[in-house]
Each structure stands twice: as C-alpha cells, then as structure tokens.
Amino acid sequence: MNIICLQENLKKALNIVERIIGRNLTLPILNNLLLSVENNKLKISSTNLEIGINHWIPCKIKEKGSITIPAKLINDFINNLPNEKVELKIKNKQLELKCKKFKSVLNGLSASDFPIIPKIESQPLVSIKNNLLKNSFAQVVEMASISESRPEISGVYMKFYKNTIKLAATDSFRLAEKNIEINSKELKEQSIIIPQRTVLEIIRILGEKEGQEEEIKIALSNNQILFDFNSTQVISRLIDGQYPDYQQIIPSNSQTEIVIDRVELINNIKVASLFTGKVNDIKMFIDPGKSIIEISSKNTDVGENKSKIEADIKGNEVEVIFNYRYILDGLNNIYSDKVIIGLNDNVKPVLIRPVGDLSYSYVVMPIKV
C-alpha cells in the first residue's frame, strides 16, 4: 500500500471506527483497525465481533495493499498531526506515515488475520433521514435493560409496518415507544431486536454528522442488520428471542389527567432528588380541586423538601411515589413545552406523552409502598 490522504479526513474516519474497540487480551487483532484500498478509496474497518464498522475516505492511490494497526496508537498519532497531506506506506508488516516534518513507523499485524465483517447485499428495506433516526433512537435507547438475564429486553425492539416503524425499549420498570412515519408501502411486517450498544453507536456516529442531510438505508440478512450512511456502514448482529407483548402495559385511559409545563416539572423533581433516600423516591400528591401538584421528598440524614406546581388537572385526587430517575428519563426525552400525564391509582402504570405529539409514549411504574 502506498497512498496519500488528508489528515482531516483520516482524523474523522478514525474517530468514527475506533470507539467500538476495547482492550482484548485473548484476540489481540481485535485491538487493531484494518486499513485497505477498496473502490479507489481508503477503507478503515473495526469490529468487536458483535458490531463491525466500515468507513471510506478519498485518497490518492499509488499502490494497493492492506494492514492492521493498533487502533489507539494510530488514532492518537493522526489526531496530533497538522492538517496536511499524510502518506501511508506498508513495508514488511509495518506502516510508515509521513506528514510535513513527522515520520513514524507503526508495527502492525497481517490483514489476513482480521475477522471477516459480514457483507449484507440485500436490498434496503427502508431509508430514513439521519436526524429523524438519531432523535428517535435517542428517545428509547436508555430504557433498554442492562441485565443479561433477559437478553430479549437488553436491546431496542424495531417493528416494520407498511408505512410505520415502531421502536420500543423497556427494563420492566419503564417503557418508551416511538413511532416513525415513513413513505414506503412495500414493507413487510416484521420485527427485530437491536443490541443497545449498536443503537448507541448509531446515535454517536449520526451526532458526528450533525448538519449533514443524509438518508440512512437499513437492510437485513441472516440475523444481521446494516445501517448504510453512504461513507460509513455499521453492521451488527441481532438479538434472538421474543420481545414481550408490551402493548398491554400502556394504559388506554386514565382516571386522572394532568397537563403541566415540562421544564418546571423537571426542575422541581431535580430539587426533590437532593433529599431522596436509597430508592430515589419522591412523592407526588395530585390535587384536582386546587389544580396543584405537590412534590415532596425526605431523607433523615439530609432533610426534607416540598414544592408545588400549578397544572391543569382533571379527574381524581391521587398520591403516588416514583423513582425520580425514571421520571426524568422520560421527561428529558420529550421535546414539547408541555406534557400530559395519565394516572389511574398509586400502583398502576403511569403514561407520559408530549402535548400535540402522539408518536411518543413513556410509561413508568410507581414504587409500591
């Protein structure tokens, strides 16, 4: 290999592919990035055997070739170079890099030892605008379970309909659901479960492409999913298992309904959280007669706190206890100024939705006393 690239392009590419790599003692090759020439571009690849990332950058090719190089080393090195042309040349399983007054030689491993990243050549199921996909994934991904005892809920559920994609995630204490409307009537109804880490990587990569309007193509094949962002591809395994029938958990009606300012509610909950106990418990007393919600918390070691918020309330008086973290997770993933909160009693699931947007639902279980 003998090629010339711009430092800026190399830096962006390495930042995209390097993040999935951890320190692997049993398979040292997994600590490396694969550099190869493909379709007259430099292709940089990484994998942790669950997720694979390919990224292509333009370059001037003098000679083709391939090599694997320690990811952290080459990333740190390129990040500290000036924004000039960088020459990369392979000599005897070593990568020689030149840039202005810098000249370095990095020891590598044979490209033939690098794990094969699956190729998905199926036709894309659907294309989604990058910002829509990023925001939709971000609204649900945090609610996936981090426990490995129930792998089917450790990822994000994705169900395809003719003109809608439904995303959902739950850890059995809270649930988030997001519906994405799409302009496709050829989709077959099917569902998959995407590992949480894969979804987090998609959000991160799309965040680095902020401001760029792109269509993300999604394809499926042999228990693998492909997200194609033009110059970047993410291929991930899917989780086997049957996702729980969560729809029955979402309340269809409410005995008490509250319309309240989202930011004011968040601020009051944050103050109350300073006085919570080990289970992060805060108490909400909903008083329809006075149109007031009273939020209180108490910790014998710290003290106690009470605050009141005015709200539009219809229905019955109710007192309910929540884990404040779970309430905040839902409120922070809603983008409207006001939210609707539906309650039935102090033990049944509570439904939170943005005012004027039926595409997002957040359900949280109260703490039983």
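Here Q123 meets each of (1) under 36 Å from the mean Cα position of the chain (by Cα); (2) buried (at least 17 other Cβ atoms within 10 Å of the Cβ) with one exception, condition (2). Selection of first residues in the range 60-83 that are part of a loop (DSSP other than H, G, I, E, B) and of second residues that are surrounded by fewer than 16 Cβ atoms within 10 Å (Cβ to Cβ), restricted to Cβ pairs under 7 Å at least 6 apart or on distinct chains, gives the following pairs, ordered by first then second residue: L81/F102; P82/K100; N83/E8. Restricting I57, I67, I3, I20 to those that are modelled with pLDDT of 95 or more, within 24 Å of E201 (Cβ to Cβ), touching a strand residue (DSSP E or B) at 6+ places or on another chain (Cβ under 9 Å) and not polar (S, T, N, Q) reduces the list to I57. For the range 177-214, the tally of residues that are within 29 Å of T47 (Cβ to Cβ) and at pLDDT 90 or above stands at 19.
Considering L42, L33, which residue is in contact with a Cys (Cβ under 9 Å, 6 or more places away or on another chain) and either more than 25 Å from G207 (Cβ to Cβ) or part of a strand (DSSP E or B) (or both)? It would help to see each step written out before you state the result.
Numbers: L33 fails: in contact with a Cys (Cβ under 9 Å, 6 or more places away or on another chain).
Result of the check over L42, L33: L42.
For the range 349-365, taking the residues that are assigned to a loop (DSSP other than H, G, I, E, B) and modelled with pLDDT of 95 or more, the one that is nearest to E310 (Cα to Cα) is identified as V355.
The number of residues in the range 81-111 that are within 24 Å of N31 (Cβ to Cβ), charged (D, E, K, R) and touching a Lys or Arg at 6+ places or on another chain (Cβ under 6 Å) comes to 1.
Among the residues of the range 233-259, those that are assigned to a strand (DSSP E or B), touching an Asp or Glu at 6+ places or on another chain (Cβ under 8 Å) and closer than 24 Å to L133 by Cα comprise V234, S236, R237. For V140, the criteria (1) modelled with pLDDT under 95; (2) closer than 30 Å to Y326 by Cα hold in every case but one, which is (1). When I180, I203, I218, I193 are checked against the criterion of being more than 28 Å from I327 (Cβ to Cβ) and either assigned by TED's automatic domain parsing to the domain that holds V234 or in contact (Cβ under 8 Å) with a residue 40 or more places away in the chain (or both), a single residue qualifies: I218. Report yes if some residue within the range 126-146 is in the same structural domain as K217 (by TED's automatic domain parsing), farther than 15 Å from T198 by Cα and part of a loop (DSSP other than H, G, I, E, B); otherwise report no. No, the range 126-146 contains no residue that is in the same structural domain as K217 (by TED's automatic domain parsing), farther than 15 Å from T198 by Cα and part of a loop (DSSP other than H, G, I, E, B).
Within the range 42-59, track down each residue that is over 18 Å from K89 (Cα atoms) and among the small types (G, A, S). Please lay out each step first, then the result.
First, pick out the residues of the range 42-59 that are over 18 Å from K89 (Cα atoms): 46-55.
Within the range 42-59, S46, G52 meet the criteria.
Checking each residue in the range 354-369 for being surrounded by fewer than 17 Cβ atoms within 10 Å (Cβ to Cβ) and β-branched (V, I, T) picks out V355, V369. Every condition in (1) under 21 Å from L226 (Cβ atoms); (2) outside any helix (DSSP H, G or I); (3) touching a residue at least 40 places away in the same chain (Cβ under 8 Å) is met by L88 except one, and the failing one is (1).
Matching residues to (1) among the basic types (K, R); (2) touching a residue at least 24 places away in the same chain (Cβ under 8 Å):
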position: K308; (1), (2): yes, no
position: A311; (1), (2): no, yes
position: N316; (1), (2): no, yes
position: L328; (1), (2): no, yes
position: I334; (1), (2): no, yes
position: I341; (1), (2): no, yes
position: K348; (1), (2): yes, yes
position: V363; (1), (2): no, yes
position: P366; (1), (2): no, yes
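Residues that are under 29 Å from the mean Cα position of the chain (by Cα) and in a strand (DSSP E or B) were ranked within the range 260-315; the one that is surrounded by the fewest Cβ atoms within 10 Å (Cβ to Cβ) is D261. Residues in the range 126-147 that are out of contact with any helix residue (DSSP H, G or I) (no Cβ under 6 Å at 6 or more places or on another chain), of a type in the set (G, A, S) and crowded, with 19+ Cβ neighbours inside 10 Å: S136 only.
Per the conditions (1) surrounded by fewer than 16 Cβ atoms within 10 Å (Cβ to Cβ); (2) modelled with pLDDT under 90, the sole criterion not satisfied by R150 is (2). Which residue is surrounded by the fewest Cβ atoms within 10 Å (Cβ to Cβ), if the candidates are limited to the range 56-114 and must be acidic (D, E) and closer than 22 Å to N39 by Cβ? Ranking the qualifying residues of the range 56-114, first place goes to E63.
Run down V234, V271 and say which single residue is assigned by TED's automatic domain parsing to the domain that holds N163, modelled with pLDDT of 95 or more, out of contact with any Lys or Arg (no Cβ under 8 Å at 6 or more places or on another chain) and of a type in the set (V, I, T). Show your work before the answer.
Working: V271 fails: assigned by TED's automatic domain parsing to the domain that holds N163.
Criteria check complete, one pass: V234.
The values are calculated or read from the model by the stated rules, or taken from the named source; none is laboratory data. Quick caveat, the model's predicted, so the values are computed rather than measured. Positions of Cβ are backbone-derived with ideal geometry, glycine not excepted, and every protein chain shown enters the neighbour counts.
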